[in-house]
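As structure tokens, the structure follows; a few thoughts come after it.
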Amino acid sequence: MDSTAGLLRDAADRSIRYLDTIGARSVVPTPAAIANLAGFDEAFADSGIPAADVLARLDQLGSPATVASAGGRFFGFVTGGALPATVAATWLAAAWDQEGGMWATSPAAVAIEATAHRWLLELFGLPAGTASAFVTGATVANLSALAAARSAVLGAVGWDVEADGLIGAPPLTVLVGAEVHPTVRKGLGILGLGRNCAVEVETDHQGRIRPERIPRIAGPTIVCTQVGNVNSGAADPVAAVCDRVHPDGAWVHVDGAFGLWARASAKTSGQVVGIERADSWATDAHKWLNVPYDSGLAFVRRGELLRRAMALTATYLPVATGRQPDHYTPELSRRARGVEVWAALLFLGRNGVADLVERCCRHARRFAAGLAAAGHRVMNDVVLNQVVVNFGPAEVNDAIVAAVQVGGECWCGGTTWRGERAMRISASATGAAPAGRVENRR
């Protein structure tokens, strides 16, 4: 049997080597590295091989074929990076191998998640009593919050959707901005509300909902707002939306996949004024807190509504007091994903999170200023970490994006915004380590 200690040391050495060299390699894999992936396509053998050989093969074939998104030259999507403290915390939590949903299966995971939950409410300025769900990503965070919204607005007219489903339910209206993110529509589809049934509300030149264009509210209604437009980075005027629809009993949801983190800095919080007045929020810690993937967060003001939408019971499950994470998430069994969030917040502190956000925004403004000075048209007001730049005709834009991606020096993505092809630059990975601590190598 392989030595566990030796295997884990080997994994650590290989991981360190990967991160130490990421700044010198092409952001995209070489053709040779891609060709070598064929080595994974082998027959399923009758007998296994030593664990050390498994790890070696994974590193030799897999590592060169990764995209260097963990480095500081990937600007294609709001993917963030991974702070060293969070990578190390992930390793340890993986060794614990905890089912993080119940106190009975992991008191440590439940306690750590409870602290991370409390810190996040303080960081975002969300109301006391707000419940949270630590889920896989922003898609499931939106889904979870919208499940609570569906339960609430139908419950208000006497319909128990968890028990009775949607067949025969009162009509439910969903309003979204014209530039709503497709993951919100995906969540609506999964919930039986229809990807294409939402009523679109007109947006302005930066993709923000125009509250005065919201139609009259009648009956159960959910209004989906967005803070952090995927192209412009702009935020819907959530407070004004609440003013318009709350008197008629509508539920206001905030898709803040990355934009919610603007709340962490006094220099950017003006973009998201009034979000605390909404009824639910969704975000993704891997985007701007720089923790590893699989770290979405849903928040619901009235915690009992999220619990009503998600909780389950079974005779074999223990009855426990206190917060049980699996009562607030779609999954029953899940990893202890609150550990990385807790590690990042403890490592950075309130000031460190603010600095991380501010630094990314400075990078975006620097991109915009340099491109504008070179004679190119920046299409958006650079209010957060997003830059949309137009180089001319569509074929020119696409050729430039393709050349940048193939070149490997950095990676930026293409987009279509306001009817024009453009390059989209997202700055979300940064070495925002407080003085005296190990710097994140970005």
How would you rank ILE275, ILE112, ILE34, going from fewest to most other Cβ atoms within 10 Å of each one's own Cβ? ILE34, ILE112, ILE275
Longest site-free stretch - the chain; sites: GluC sites (Glu not before Pro), DSSP loop, at most 13 other Cβ within 10 Å: 203-408
Sum up the charges of everything whose Cβ sits under 11 Å from the Cβ of ILE217, counting Lys and Arg as +1 and Asp and Glu as -1, but leave ILE217 out. +1
Given the Cα-Cα distance of LEU312 and ARG418 and 0.36 nm per residue of separation, how much length would full extension add, in nm? 33.7 nm
Cα-only radius of gyration and Dmax that characterise segment 4-68, units Å: 13.3, 40
Compare PRO211, PRO247, PRO237 in a GNM of the chain, Cα atoms joined below 10 Å, and give the one with the largest fluctuation. PRO247
Of the beta bridges DSSP finds with both residues in the chain, what % are antiparallel, to the nearest 5? 60 percent
Considering the chain as a Gaussian network with a 10 Å cut-off on Cα pairs, which listed residue, ALA111, ALA198, ALA24, attains the greatest mean-square fluctuation? ALA24
At each listed q (0.10, 0.12, 0.14 Å⁻¹), what is the log10 of I(q)/I(0) that the Debye formula gives for the chain modelled as equal alpha-carbon point scatterers? -0.78, -1.09, -1.37
Charge tally in the Cβ shell below 12 Å around ARG350, where Lys, Arg are +1 and Asp, Glu are -1, ARG350 excluded: -1
Under the rule of at least 5 residues apart or a separate chain, name every residue whose amide H is placed under 5 Å from the amide H of GLY414. ARG424
How do ILE400, ILE167 line up, fewest other C-beta atoms within 10 Å first? ILE167, ILE400
In the Gaussian network model of the chain, springs joining C-alpha atoms below 10 Å, which of PHE74, PHE40, PHE299 carries the largest mean-square fluctuation? PHE40
Please work out the Cα center distance from segment 362-393 to segment 114-184, rounded to the nearest Å. 34 Å
FRET E, pair VAL273, GLU200, Förster distance 35 Å, beta-carbon r, rounded to 0.05: 0.90
Summing -39500 (n - 2.57) over the DSSP H runs of n ≥ 4 in the chain and dividing by its residue number, what mean residue ellipticity at 222 nm do you reach, to the nearest 500 deg cm²/dmol? -11500 deg cm²/dmol
May I ask you to list the trypsin sites (Lys or Arg not before Pro) in segment 134-227 that are in a DSSP loop and have at most 10 other Cβ atoms within 10 Å of their Cβ? ARG216
Among the DSSP H helices of the chain, those whose Cα atoms extend at least 24 Å along the helix axis and whose mean Kyte-Doolittle hydropathy is -0.5 or higher are 4-21, 107-124, 138-155, 338-373
Per residue of segment 212-218, in order, report the coupling 6.51 cos²θ - 1.76 cosθ + 1.60 (Karplus, θ = phi - 60°) as ³J(HN,Hα) in whole Hz, putting x for Gly and Pro. 5, 8, 5, x, 4, 8, 8
State the extension gain, in nm to one decimal, for the chain segment bounded by ILE167 and SER15, taking 0.36 nm per residue of separation less the distance between their alpha-carbons. 49.6 nm
For segment 97-343, give me the percentage of DSSP beta bridges that are antiparallel, rounded to the nearest 5 percent. 45 percent
So if R0 is 45 Å, what FRET efficiency would ASN36 and THR115 give, r being the distance between their Cβ atoms, rounded to the nearest 0.05? 0.55
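Bear in mind that the values in this text are calculations on the coordinates, not laboratory data. Bear in mind that the values here come from a model prediction, so they are computed numbers and not experimental data. Because the Cβ atoms are built from the backbone with ideal geometry, glycine has one as well, and the counts that use them run over all protein chains shown.
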